[in-house]
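First up is the structure itself, then whatever we jot down about it.
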Amino acid sequence: MQSDFIRCQQDPAGYAELIIDRPAARNALCRSLTDAMADHLERLAAAPDVRVVLLRAEGDHFAAGADIKEMLDISAEQARGTDFAGCCAPLGDFPKPVVALVQGFALGGGCELVEMCDIVLAAENAVFGHPEVRVGTLSGAGGTQRLPRLLGMAKALDLLLTGRRMDAREAERGGLVSRVVPTEHLLEEGRRLVADMASLSGEVLLLIKRTARSGASLPLQEGLRRERAAFHHSLSLADREEGMRAFLEKRAPRFNIHS
């Protein structure tokens, strides 16, 4: 599906930028935008020359939530029939690392997008929250499930039950945000980060994300077993041999670009 509100561009360095582009509406997440985002993600997951995705937005805000004007006319029956989530739920299952760049509002569905990403760089002016309770509803794409896992139940319910907002520093302290950077350097820092990640072994990046994400919901001993199995598998990879030889030879590794 095509949408004027989202676009995708690939960089020869091995990463893709997925760009929310509806600044006149504070990047509100309408259905055409989220459906097109899902289509882009499906293609990027299968693209051998993309190792990392940078999710960002044009304008002053990341995403101010679902499009309330559009949601007002959606009935419960329609929502059930289409599995409507008010957000792009497939991002939560995307296999490759995703780095989010957040400026301004990341509210409601916008905050849910952040919660699905692996690394989050927040501008100093970033604001996070779940105001759904203020309009008589609740999260539909993971806010009540991922946020407690990230922040802890007490802090998450403080946001979910009141609709209050959290600034970038509080979000960083709580664990929702990886790093806070000066607003004017957000894009520069984000591109530097994903370019560096894209220079690494794509297969190992997949292994690390899958092992960490799956292990988070498992008992520790089962998670450790899966980690050990992934570690043993990595020893069979050509990229592992190249990385270790490069280290010993004091040179930059030349990882397989399509791994």
Using the Cα centre of the chain as origin and beta-carbon charges of +1 (Lys, Arg) and -1 (Asp, Glu), tell me which of Leu91, Gly81, Asn256 is placed farthest towards the positive end of the dipole. Asn256
Charge dipole magnitude, Cβ of K and R +1, D and E -1 - the chain, Cα centre, debye nearest 20: 800
Given Cβ charges of +1 for Lys and Arg and -1 for Asp and Glu, the option among Phe105, Gln2, Ile68 whose Cα lies farthest towards the positive end of the dipole of the chain is Phe105
For the residue pair Asp158 and Gln145, what label-to-label distance in nm results when each label sits 7 Å from Cα along the Cα-to-beta-carbon direction? 2.5
Between Asp35 and Arg134, what length comes free when the chain is fully extended (0.36 nm per residue of separation minus the Cα-Cα distance, one decimal in nm)? 33.1 nm
Under DSSP H, which helices of the chain have Cα atoms covering 24 Å or more of the helix axis and a Kyte-Doolittle average no less than -0.5? none
Say each of Phe231 and Glu58 gets a label point 7 Å from the Cα, pointing the same way as Cα to Cβ; how far apart are those two points in nm? 4.7
Skipping prolines and chain starts, which residues have an amide H placed within reach, meaning under 5 Å, of the one on Ser139, given they are 5 or more residues away or on another chain? Thr144
Unit Cα scatterers, Debye sum, the chain: log10 I(q)/I(0) for q = 0.08, 0.14, 0.17 Å⁻¹: -0.33, -0.99, -1.36
Just going by the charge dipole of the range 202-248, with Lys and Arg at +1 and Asp and Glu at -1 on Cβ, which of Gly202, Ser214, Ser236 is farthest out on the positive end? Ser214
Would you please give the residues with an amide H less than 5 Å from that of Val127, counting only those at least 5 places away or on a separate chain, with H modeled from the backbone geometry? Gly104, Phe105, Ala106
With only Lys, Arg, Asp and Glu charged, each at its Cβ (+1 for the first two, -1 for the last two), find how big the charge dipole of the range 137-259 is about the Cα centre; round to the nearest 20 debye. 260
Using a cut-off of 13 Å between beta-carbons, work out the net charge of the residues near Ser217 (Lys and Arg +1, Asp and Glu -1, Ser217 not included). +4
Note the full-extension length gain between Met244 and Asp21 as 0.36 nm times their separation in residues minus their Cα-Cα distance, in nm to one decimal. 76.1 nm
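Throughout, read-outs are computed from the coordinates displayed, never taken from laboratory work. The model shown is predicted, which means the values in this text are computed figures rather than measured ones. When we count neighbours, we look across all protein chains shown, and the Cβ atoms used for this are built from the backbone with ideal geometry, even at glycine.
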